[in-house]
Amino acid sequence: MDDLEELINHLVQTTRLDRDEARRVVREVTAYCSETAEQFVVRRHLELQADRLTNPVIFERLSKEIEARRFRANPFSARQLRRIVYG
């Protein structure tokens with residue numbers, strides 16, 4: 001994480017975070033931002049299934065959520081979403 005030390009130092013200087021908290025925040029943010037569209041689909045599908053939503057509702061919601069996410073992804077059809085989830 002040496003390449004992010006400058007960011008960690010900046011957070012320590014400009015917030016109330018101590019060094020360990022700043023390092024944890026940077027780790028969390030970089031992990032969040034490194035998630036691929038496919039990883040996001042699998043994770044969210046499991047979360048939405050746990051909420052007892054049906055696949056048609058889940059796939060429609062996933063399509064909308066993907067458009068609003070920070071990664072660029074081509075729009076996925078319901079079929080493509082199913083293939084990511086189930087292989």
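The values are calculated or read from the model by the stated rules, or taken from the named source; none is laboratory data. None of the values given here were measured: they were computed from a predicted structure. Because the Cβ atoms are built from the backbone with ideal geometry, glycine has one as well, and the counts that use them run over all protein chains shown.
Exactly one condition in (1) in the same structural domain as ILE8 (by TED's automatic domain parsing); (2) touching a Leu at 6+ places or on another chain (Cβ under 7 Å); (3) not basic (Lys, Arg) is false for LEU81; which is it?
All conditions pass for LEU81, except number (1).
Here is a list: VAL41, VAL25. Which entry is surrounded by 15 or more Cβ atoms within 10 Å (Cβ to Cβ) and farther than 30 Å from SER63 by Cβ? Show your work before the answer.
Details: VAL41 fails: farther than 30 Å from SER63 by Cβ.
Going through VAL41, VAL25 in turn, the sole match is VAL25.
Of all residues in segment 44-69, how many are surrounded by 12 or more Cβ atoms within 10 Å (Cβ to Cβ), of a type in the set (S, T, N, Q) and modelled with pLDDT of 95 or more?
2
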